[in-house]
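These notes are about the structure you will find just below.
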Amino acid sequence: MARHRRRLQHVGQIVSADCMRQYVAHAQLEDLQFVQQLIDERTEEILAEQGAGEFPAFARLAQKRQDQLVVLQRLIDHEQGRGYYQKHATAPSFFQDYLRDYPTDAIFDATHELWDIDDALRRMQAAIGPIIQWQRRIRKAGFTINQTRHSQRSLSVYLYLPIHQAEAFAIVFGQNFDVPRFLDMVAHRPTDPEFSVRLSDHVTGLYYNQREGAQRRYREADINLYV
(Lines give C-alpha, C1' and ligand atoms only; values in the text may rest on other atoms or scores of the structure.)
Protein backbone atom coordinates (compact mmCIF):
# COMPACT_ATOMS: atom_id res chain seq x y z
CA MET A 1 0.00 0.00 0.00
CA ALA A 2 1.49 3.31 -1.06
CA ARG A 3 1.93 5.66 1.85
CA HIS A 4 0.13 9.00 1.91
CA ARG A 5 2.58 11.76 1.11
CA ARG A 6 2.43 15.52 1.25
CA ARG A 7 1.75 16.91 -2.22
CA LEU A 8 4.37 19.70 -2.19
CA GLN A 9 5.89 20.16 -5.62
CA HIS A 10 8.17 22.61 -7.39
CA VAL A 11 9.67 24.22 -4.31
CA GLY A 12 11.42 26.75 -6.53
CA GLN A 13 8.07 28.27 -7.45
CA ILE A 14 7.42 29.04 -3.78
CA VAL A 15 10.87 29.94 -2.42
CA SER A 16 13.58 31.75 -4.39
CA ALA A 17 16.97 30.08 -4.91
CA ASP A 18 18.73 32.80 -2.82
CA CYS A 19 16.35 32.29 0.09
CA MET A 20 16.84 28.54 -0.11
CA ARG A 21 20.64 28.90 -0.07
CA GLN A 22 20.45 31.16 2.99
CA TYR A 23 18.12 28.72 4.68
CA VAL A 24 20.47 25.79 4.09
CA ALA A 25 23.54 27.82 5.15
CA HIS A 26 22.03 28.53 8.57
CA ALA A 27 19.97 25.35 9.00
CA GLN A 28 20.17 22.96 11.90
CA LEU A 29 20.27 19.19 11.37
CA GLU A 30 16.51 18.77 11.75
CA ASP A 31 15.98 21.54 9.19
CA LEU A 32 18.22 19.80 6.69
CA GLN A 33 16.34 16.56 7.27
CA PHE A 34 13.15 18.37 6.31
CA VAL A 35 14.76 19.70 3.12
CA GLN A 36 16.03 16.21 2.28
CA GLN A 37 12.52 14.85 2.75
CA LEU A 38 11.20 17.38 0.24
CA ILE A 39 13.97 16.44 -2.19
CA ASP A 40 13.27 12.72 -1.79
CA GLU A 41 9.55 13.18 -2.33
CA ARG A 42 10.04 15.34 -5.42
CA THR A 43 12.62 12.84 -6.74
CA GLU A 44 10.06 10.04 -6.47
CA GLU A 45 7.48 12.15 -8.29
CA ILE A 46 9.88 12.92 -11.15
CA LEU A 47 10.95 9.28 -11.41
CA ALA A 48 7.31 8.22 -11.60
CA GLU A 49 6.52 10.83 -14.25
CA GLN A 50 9.46 9.65 -16.36
CA GLY A 51 9.20 5.91 -15.80
CA ALA A 52 5.51 5.14 -15.33
CA GLY A 53 5.15 4.10 -18.98
CA GLU A 54 7.51 1.16 -18.40
CA PHE A 55 4.89 -0.47 -16.17
CA PRO A 56 2.39 -2.46 -18.29
CA ALA A 57 -0.38 -2.09 -15.69
CA PHE A 58 0.00 1.71 -15.73
CA ALA A 59 0.28 1.87 -19.52
CA ARG A 60 -2.87 -0.23 -19.86
CA LEU A 61 -4.80 2.09 -17.54
CA ALA A 62 -3.44 5.16 -19.35
CA GLN A 63 -4.74 3.70 -22.63
CA LYS A 64 -8.09 3.09 -20.96
CA ARG A 65 -8.15 6.79 -20.11
CA GLN A 66 -7.54 7.71 -23.74
CA ASP A 67 -10.35 5.38 -24.81
CA GLN A 68 -12.66 6.96 -22.26
CA LEU A 69 -11.86 10.43 -23.62
CA VAL A 70 -12.94 9.22 -27.07
CA VAL A 71 -16.22 7.98 -25.58
CA LEU A 72 -16.80 11.38 -23.95
CA GLN A 73 -15.94 13.25 -27.14
CA ARG A 74 -18.51 11.26 -29.11
CA LEU A 75 -21.19 11.71 -26.46
CA ILE A 76 -20.64 15.46 -26.17
CA ASP A 77 -20.38 16.02 -29.92
CA HIS A 78 -23.58 14.05 -30.37
CA GLU A 79 -25.28 16.29 -27.80
CA GLN A 80 -23.81 19.65 -28.87
CA GLY A 81 -22.81 19.19 -32.47
CA ARG A 82 -19.68 17.94 -34.20
CA GLY A 83 -16.50 19.75 -33.17
CA TYR A 84 -17.86 21.07 -29.85
CA TYR A 85 -15.53 18.91 -27.76
CA GLN A 86 -12.46 19.75 -29.87
CA LYS A 87 -13.20 23.47 -29.52
CA HIS A 88 -13.96 23.68 -25.80
CA ALA A 89 -12.26 20.75 -24.03
CA THR A 90 -8.92 22.56 -23.62
CA ALA A 91 -10.34 24.57 -20.68
CA PRO A 92 -9.03 23.11 -17.36
CA SER A 93 -12.50 23.00 -15.80
CA PHE A 94 -14.29 21.86 -18.97
CA PHE A 95 -15.89 18.72 -17.56
CA GLN A 96 -17.04 20.36 -14.31
CA ASP A 97 -18.52 23.29 -16.23
CA TYR A 98 -20.14 21.02 -18.79
CA LEU A 99 -21.84 18.86 -16.16
CA ARG A 100 -23.10 22.00 -14.46
CA ASP A 101 -24.52 23.54 -17.63
CA TYR A 102 -25.51 20.49 -19.72
CA PRO A 103 -26.10 17.54 -17.39
CA THR A 104 -27.11 14.25 -19.03
CA ASP A 105 -27.02 10.80 -17.47
CA ALA A 106 -24.76 9.28 -20.14
CA ILE A 107 -22.19 12.09 -20.05
CA PHE A 108 -22.40 12.31 -16.26
CA ASP A 109 -21.60 8.60 -15.91
CA ALA A 110 -18.83 8.69 -18.54
CA THR A 111 -17.19 11.75 -16.93
CA HIS A 112 -17.17 10.18 -13.49
CA GLU A 113 -15.68 7.02 -14.95
CA LEU A 114 -12.90 9.19 -16.39
CA TRP A 115 -12.33 10.79 -12.99
CA ASP A 116 -12.15 7.34 -11.38
CA ILE A 117 -9.48 6.36 -13.92
CA ASP A 118 -7.57 9.58 -13.22
CA ASP A 119 -7.66 8.85 -9.49
CA ALA A 120 -6.39 5.31 -10.06
CA LEU A 121 -3.56 6.63 -12.27
CA ARG A 122 -2.52 9.10 -9.56
CA ARG A 123 -2.45 6.35 -6.94
CA MET A 124 -0.43 4.07 -9.21
CA GLN A 125 2.04 6.83 -10.00
CA ALA A 126 2.48 7.55 -6.29
CA ALA A 127 3.53 3.91 -5.82
CA ILE A 128 5.77 3.78 -8.91
CA GLY A 129 8.15 6.51 -7.68
CA PRO A 130 9.33 4.59 -4.59
CA ILE A 131 9.70 1.38 -6.63
CA ILE A 132 11.98 3.09 -9.15
CA GLN A 133 13.83 4.79 -6.29
CA TRP A 134 14.58 1.34 -4.85
CA GLN A 135 15.99 0.19 -8.19
CA ARG A 136 18.28 3.23 -8.22
CA ARG A 137 19.31 2.59 -4.61
CA ILE A 138 20.29 -1.01 -5.40
CA ARG A 139 22.36 0.05 -8.41
CA LYS A 140 24.04 2.90 -6.50
CA ALA A 141 25.01 0.41 -3.79
CA GLY A 142 27.12 -1.36 -6.41
CA PHE A 143 24.92 -4.34 -7.21
CA THR A 144 24.51 -5.65 -10.75
CA ILE A 145 20.99 -5.97 -12.10
CA ASN A 146 21.28 -8.46 -14.95
CA GLN A 147 17.68 -8.05 -16.05
CA THR A 148 14.45 -6.35 -15.03
CA ARG A 149 10.97 -7.72 -15.61
CA HIS A 150 7.70 -5.91 -14.99
CA SER A 151 4.53 -7.71 -13.97
CA GLN A 152 1.77 -7.57 -16.56
CA ARG A 153 -0.94 -7.38 -13.91
CA SER A 154 0.42 -5.15 -11.15
CA LEU A 155 3.19 -2.67 -10.34
CA SER A 156 5.57 -5.41 -9.19
CA VAL A 157 9.11 -5.32 -10.65
CA TYR A 158 11.43 -8.33 -10.62
CA LEU A 159 15.18 -7.78 -10.53
CA TYR A 160 17.69 -10.55 -11.23
CA LEU A 161 21.13 -10.23 -9.63
CA PRO A 162 24.23 -12.48 -9.74
CA ILE A 163 24.10 -15.21 -7.10
CA HIS A 164 27.58 -14.31 -5.84
CA GLN A 165 26.19 -10.95 -4.68
CA ALA A 166 23.52 -12.56 -2.49
CA GLU A 167 25.44 -12.40 0.79
CA ALA A 168 26.44 -8.77 0.22
CA PHE A 169 22.84 -7.89 -0.62
CA ALA A 170 21.71 -9.44 2.66
CA ILE A 171 24.24 -7.33 4.56
CA VAL A 172 23.27 -4.03 2.87
CA PHE A 173 19.48 -4.45 2.68
CA GLY A 174 18.86 -7.28 5.12
CA GLN A 175 16.76 -5.20 7.51
CA ASN A 176 14.02 -5.21 4.86
CA PHE A 177 13.53 -8.98 4.49
CA ASP A 178 14.02 -12.39 6.11
CA VAL A 179 17.81 -12.88 5.80
CA PRO A 180 18.21 -16.39 7.36
CA ARG A 181 15.54 -17.84 5.08
CA PHE A 182 17.04 -16.15 2.03
CA LEU A 183 20.64 -17.23 2.72
CA ASP A 184 19.51 -20.80 3.41
CA MET A 185 17.59 -20.77 0.14
CA VAL A 186 20.52 -19.64 -2.02
CA ALA A 187 22.90 -21.99 -0.16
CA HIS A 188 20.90 -24.90 -1.57
CA ARG A 189 21.17 -23.52 -5.13
CA PRO A 190 24.93 -23.22 -5.70
CA THR A 191 24.63 -23.69 -9.45
CA ASP A 192 21.97 -21.03 -9.99
CA PRO A 193 23.43 -17.99 -11.75
CA GLU A 194 21.00 -15.46 -10.25
CA PHE A 195 18.71 -14.62 -7.35
CA SER A 196 15.54 -12.54 -7.70
CA VAL A 197 14.24 -9.46 -5.89
CA ARG A 198 10.60 -8.39 -6.11
CA LEU A 199 9.83 -4.70 -5.56
CA SER A 200 6.14 -4.06 -5.05
CA ASP A 201 3.51 -1.95 -3.34
CA HIS A 202 1.57 -5.04 -2.21
CA VAL A 203 2.20 -8.48 -0.77
CA THR A 204 2.43 -11.41 -3.11
CA GLY A 205 -0.59 -13.62 -3.46
CA LEU A 206 -3.16 -14.89 -5.97
CA TYR A 207 -4.84 -13.35 -8.99
CA TYR A 208 -7.66 -14.57 -11.22
CA ASN A 209 -6.50 -15.54 -14.70
CA GLN A 210 -9.47 -14.85 -16.98
CA ARG A 211 -8.02 -16.77 -19.91
CA GLU A 212 -7.51 -19.90 -17.82
CA GLY A 213 -10.57 -19.30 -15.63
CA ALA A 214 -8.65 -20.11 -12.44
CA GLN A 215 -6.70 -18.61 -9.56
CA ARG A 216 -2.97 -18.34 -10.17
CA ARG A 217 -0.15 -17.29 -7.87
CA TYR A 218 2.01 -14.28 -8.69
CA ARG A 219 5.57 -15.14 -9.64
CA GLU A 220 7.58 -15.99 -6.54
CA ALA A 221 10.85 -14.19 -5.79
CA ASP A 222 13.75 -14.97 -3.45
CA ILE A 223 13.33 -11.55 -1.79
CA ASN A 224 10.22 -9.42 -1.46
CA LEU A 225 10.73 -5.72 -0.73
CA TYR A 226 7.53 -3.78 -0.09
CA VAL A 227 7.67 -0.03 -0.74
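The values are calculated or read from the model by the stated rules, or taken from the named source; none is laboratory data. Everything numeric here is computed off the predicted structure, so don't read it as measured data. In this analysis, Cβ positions are derived from the backbone assuming ideal geometry, glycine residues included, and neighbour counts consider all displayed protein chains. Heavy atoms of the whole protein, side chains included, go into the accessibility calculation; ligands, DNA and RNA do not. Shrake-Rupley method; radii C 1.70, N 1.55, O 1.52, S 1.80 Å.
Leaving ligands, DNA and RNA out of it, work out the accessible area of I107 with a 1.4 Å probe and give it in Å² to the nearest 10.
0
Hey, got a sec? Which trypsin sites (Lys or Arg not before Pro) in the range 89-198 land in a DSSP loop and have at most 16 other Cβ atoms within 10 Å?
Filter output for the range 89-198: R153.
If I take R0 = 35 Å and measure r between the Cβ atoms of R21 and T144 in this structure, what FRET efficiency does the formula 1/(1 + (r/R0)^6) give, to the nearest 0.05?
0.40
Would you mind telling me the share, in percent, of accessible area of the range 63-110 contributed by carbon and sulfur at probe 1.4 angstrom?
About 48 percent, which is the carbon plus sulfur part of the accessible surface.
Quickly work out the D118-to-F94 label distance, labels modelled 7 Å from Cα along the C-beta direction, and quote it in nm with one decimal.
1.1
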